[in-house]
Amino acid sequence: MLLFPMKAWERIAVADFANQQPLALHVPEPKARPGVEPDWSGLTLPPAGAQPRPDETCAAAETWPLCTDLIRVLDEDGVAQGPWNPRLDAETLRTMLRNMALTRAFDERMFRGQRQGKTSFYMKCTGEEATSVAPAMALAADDMVFPSYRQQGILITRGYPLEDMINQIYSNKADKLKGRQLPIMYSARDYGFFTISGNLATQLPQAVGWAMASAISGDTRIAAAWVGEGSTAEGDFHSALTFATVYNAPVVLNVVNNQWAISSFSGFAGAERQTFAARAIGYGVAGLRVDGNDPLAVYAATRWAANRARSNAGSTLIEHFTYRAEGHSTSDDPSQYRSAQERSTWPLGDPIVRLKNHLIALGEWDENRQAAMDAELAEMVKAATRAAEANGVLGHGMHHPFHTMFEDVFETLPWHLREQSEQAMRERRIKWPDWRPEDGDEMP
Amino acid sequence: MSRRMTMIEAINDALDVTMGRDPAVVIMGEDVGYFGGVFRATAGLQKKYGKTRVFDTPISECGIIGVAVGMGAYGLRPVPEIQFADYIYPGLDQLVSEAARLRYRSAGEFIAPLTVRSPFGGGIFGGQTHSQSPEALFTHVAGLKTVIPSNPHDAKGLLIAAIEDNDPVIFFEPKRIYNGPFTGAYDRPVEPWNKHADSEVPEGYYTVPLGKARVVREGEAVTVLAYGTMVHVAHAVCLDKGVDAEVIDLRTLVPLDIETIRASVRKTGRCMIVHEATRTGGFGAELSALVQEHCFYDLEVPIERVTGFDTPYPHSLEWAYFPGAVRIGEALDRISKD
Ligand SMILES: Cc1ncc(C[n+]2csc(CCOP(=O)(O)OP(=O)(O)O)c2C)c(N)n1
Ligand SMILES: [Mg+2]
């Protein structure tokens, strides 16, 4: 039932075009739903080392071929190839491997903690570790990063204490964010890590603004931001790229294309038509499309973009082509909407395994050392977890005092928040009559 | 014929019924298609009605609401879902400047018959971006209707009425009561809906008219105005305290059923307003002003407002934030005094 009756001229138009084909709406559909064997034959994987590496100060349009290609360094035998090989020494490679392995060990433990009821929520980055660890190593330690919720690898690489991460995840009395934020929504100013928002893509224009401010101030630090491919649909993405190109902002914008946004495949962000890197060109920004499971390629691409930004040559959009190996979060069950075999058949493998094989091929590593490292990291995470648990887990009373709920809404407490704070304290006394101020702010 | 349903089932049923009756109804939103929505409200509908009537969208709330306005202009009846009310803000311009005013600025040439569904409210440890109650932002906008159901029966009837309505409707679904009538006892499992009379949902088509409140419990001592989750929480406190309260579930905030409110406050002479949203500029302020304007000479004591605090929704202190039994009970004591 159309709400409006057709007007006379519309009827004439319909008659005129009576012989024309009716319009049809295209609704994207992923190739493999549950129960279907994934078919990756449509995916062309160029050989490692085959992609040219233009000068960092080139015109943005010169990067066009790299927007539809795939920058790869590590070949099937774990050998680094071509002009994008960052030629890192073995020690640096081992550090990179360790940071990725630690990120994974941390994720495993925290996911289990959520399942055991120690917190409300968790998100892993399994299979995507290279997209945060390698850029964090390629950037300067004081460059400012604006992450999404899946870049715990940056914090870990920058040496943020695991125990503090866990305190945040447990929302306990030692949580530096005072139990206010959903688990994993970290903030770490001293580590150049911007406060994470739950609202998607808001960090992109903010990163551009930080970069503009750095340029206004004649600073040397640049900014970098991360966003999921699904979130590129938000208007903030467009705003960020427009401002980035207009002001030649010293910023690196990373799109982590893990092919899924909760249950929606990347086709719902436009991937059926064009790569995410290719969008850069329309804005006049340089674009690079990288094998996101190749830590060396990710490192090299970040270095390229950072050098470009540092030399006032402009912004870069990097698409990291990767795969979300696990569920979206602890609230998600991916077997409901995608093929279970996708993970095992995904042709770009696992970033940790690939870097490990590279180090082994170099004669700088072996399986025994890997096993020993994994055991050591698991132990390290366990120890940090134990230390954090001494400060409490979610929902067992060991949280920040009630009055802290009213702080930081504003710099100073206005009268109405002071009243409400007193109300909250009174409610506590009614709910727990045994509580006395001298008992401290622990709930019984 | 009727059967017991949860809120989610009732909402799903309402969508099913309207889609079956009217081919102009289309559903869209993030993850609503194949998957059926993160809260399962649209489960099975894509399979039944096809991908061009129930489809996933890009993650762009501005886009979702903007294209819904365009579809409405064509003559469809879009029912977009915003995954959480906390994520509606990128679509605000399309709602406030566009959907709300299309009829007015075109003198009725174009209308925006969309129903924006969105889960709202806290109580699930969702932190500040999965817990908000932003209804007052919308009730403040001329041209938008705002509907908030409190039980499966009303959810279905109100949603069908909202979809059939030719004006834009914001339909907020209190997610805390999707699976049961939460009464504020957060340390106990919630009683399932099937134990509650209002989970009895008639089969097929029926409507609960927009703009009509419901007296949940008749009483003489005080009038309690609430909507959504807080209907159950406030009702439970009144029963607990043995106060002979008249509990009114507003159901629609705009247009408001002022008649039912007026009749009740004239009878009781006392009025308590309860909502989970922040206090300052909340819908309670509007209600308080209206009661004062309409019932000033009937009031025996000042009106009480019980609300969430004026802070973002905290994570670990969720239950200290929530306007639960103690906060409501204190207000009820104050207002019940002679
Ligand atoms: C503005 C906004 N809309 C919707 C959501 C709900 N949401 C959270 S994550 C997500 C999917 C994001 O996918 P993507 O950008 O690909 O990142 P990924 O999770 O794959 O890392 C959605 C829709 C949100 N957090 N914010
Ligand atoms: Mg994604």
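The values are calculated or read from the model by the stated rules, or taken from the named source; none is laboratory data. Keep in mind the model is a prediction, meaning the values are calculated, not measured. Every residue, glycine as well, gets a Cβ built from its backbone with ideal geometry; the counts of neighbours run over all protein chains shown. The protein model used for the area step is the full one, side chains on, heavy atoms only, and it has no ligands, DNA or RNA in it. Shrake-Rupley method; radii C 1.70, N 1.55, O 1.52, S 1.80 Å.
Structure above, values below:
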quantity	calculated
Filtered residues of segment A:242-278 (kept if away from every other protein chain (no Cβ under 13 Å), more than 10 Å from ligand 2 (Cβ to nearest atom) and surrounded by fewer than 24 Cβ atoms within 10 Å (Cβ to Cβ))	A:Thr242, A:Phe243, A:Thr245, A:Val246, A:Tyr247, A:Asn248, A:Gln274, A:Thr275, A:Ala278
Residues located in segment A:400-417, provided they are surrounded by 13 or more Cβ atoms within 10 Å (Cβ to Cβ) and not in a loop (DSSP other than H, G, I, E, B)	A:Phe402, A:His403, A:Thr404, A:Met405, A:Phe406, A:His416, A:Leu417
Residue count for segment B:67-83, restricted to those that are within 16 Å of ligand 1 (Cβ to nearest atom) and not in a helix (DSSP H, G or I)	4
Residue pairs meeting the criteria (Cβ under 9 Å; at least 6 apart or on separate chains; first within 9 Å of ligand 1 (Cβ to nearest atom), in segment A:250-268; second open to solvent by less than 10 Å² (accessible area, probe 1.4 Å) and aliphatic (A, V, I, L, M))	A:Val255/A:Val227; A:Val255/A:Ala277; A:Val255/A:Leu317; A:Val255/A:Ile318; A:Val256/A:Val227; A:Asn257/A:Ala277
Filter result (touching an Asp or Glu at 6+ places or on another chain (Cβ under 6 Å) and open to solvent by 40 Å² or more (accessible area, probe 1.4 Å)) within segment B:202-215	B:Lys212, B:Arg214
Members of segment A:62-78 that are out of contact with any strand residue (DSSP E or B) (no Cβ under 9 Å at 6 or more places or on another chain) and open to solvent by 40 Å² or more (accessible area, probe 1.4 Å)	A:Pro65, A:Glu76, A:Asp77
Among the residues listed as B:Thr57, B:Thr42, B:Thr6, the single one being hydroxyl-bearing (Ser, Thr, Tyr), more than 12 Å from chain A (Cβ to nearest Cβ) and under 24 Å from the mean Cα position of the chain (by Cα)	B:Thr6
Selection from segment A:205-241 of residues that are closer than 17 Å to A:Ala306 by Cβ and within 16 Å of ligand 2 (Cβ to nearest atom)	A:Ala225, A:Trp226
Residues of segment A:325-355 satisfying the condition of being more than 14 Å from every other protein chain (Cβ to nearest Cβ), within 16 Å of ligand 2 (Cβ to nearest atom) and assigned to a loop (DSSP other than H, G, I, E, B)	A:Ala325, A:Glu326, A:Trp346, A:Leu348
Single residue of segment A:21-45 satisfying the filter (away from every other protein chain (no Cβ under 14 Å) and over 18 Å from A:Ala271 (Cβ atoms)) that is surrounded by the fewest Cβ atoms within 10 Å (Cβ to Cβ)	A:Gln21
Residue in segment A:208-227 that is within 16 Å of ligand 1 (Cβ to nearest atom), within 14 Å of chain B (Cβ to nearest Cβ) and surrounded by 24 or more Cβ atoms within 10 Å (Cβ to Cβ) present	yes
Residue within segment A:298-314 that is surrounded by 24 or more Cβ atoms within 10 Å (Cβ to Cβ), in a loop (DSSP other than H, G, I, E, B) and at pLDDT 95 or above present	no
Test: residue in segment B:268-283 that is open to solvent by 10 Å² or more (accessible area, probe 1.4 Å) and over 21 Å from the mean Cα position of the chain (by Cα)	yes
Segment A:386-412: number of residues that are in contact with a helix residue (DSSP H, G or I) (Cβ under 6 Å, 6 or more places away or on another chain) and more than 8 Å from chain B (Cβ to nearest Cβ)	5
Residue count for segment B:186-201, restricted to those that are touching a residue at least 40 places away in the same chain (Cβ under 8 Å) and open to solvent by 10 Å² or more (accessible area, probe 1.4 Å)	6
Condition broken by B:Pro323, with the remaining ones in (1) away from chain A (no Cβ under 14 Å); (2) under 21 Å from B:Ser150 (Cα atoms) satisfied	(1)
First in segment B:131-142 and in contact (Cβ under 8 Å) with a residue 12 or more places away in the chain, second anywhere and of a type in the set (Ser, Thr, Tyr) and open to solvent by less than 20 Å² (accessible area, probe 1.4 Å), Cβ under 8 Å, 6 or more apart	B:Ser131/B:Tyr313; B:Gln132/B:Tyr313; B:Glu135/B:Thr146; B:Phe138/B:Thr146; B:Thr139/B:Thr146
Residue under evaluation B:Val96, criteria (1) within 23 Å of B:Arg21 (Cβ to Cβ); (2) without any contact (Cβ under 8 Å) to a residue 60 or more places away in the chain; (3) among the aliphatic types (A, V, I, L, M), criterion not met	(1)
Matching strands (runs of 3 or more DSSP E) fully within segment B:192-259 where at least 1 residues are under 14 Å from the mean Cα position of the chain (by Cα)	B:214-217, B:222-226, B:245-249, B:252-254
Matching option when the condition is within 11 Å of ligand 1 (Cβ to nearest atom), crowded, with 22+ Cβ neighbours inside 10 Å and at pLDDT 95 or above, among A:Gly198, A:Gly235, A:Gly230	A:Gly230
Subset of segment B:310-320 [within 23 Å of the chain's Cα centre (by Cα), closer than 22 Å to A:Lys118 by Cβ and either assigned to a loop (DSSP other than H, G, I, E, B) or within 7 Å of another protein chain (Cβ to nearest Cβ) (or both)]	B:Tyr313, B:Pro314, B:His315, B:Ala320
Tally, over segment B:84-103, of residues that are within 16 Å of ligand 1 (Cβ to nearest atom) and either touching a Cys at 6+ places or on another chain (Cβ under 9 Å) or open to solvent by less than 20 Å² (accessible area, probe 1.4 Å) (or both)	9
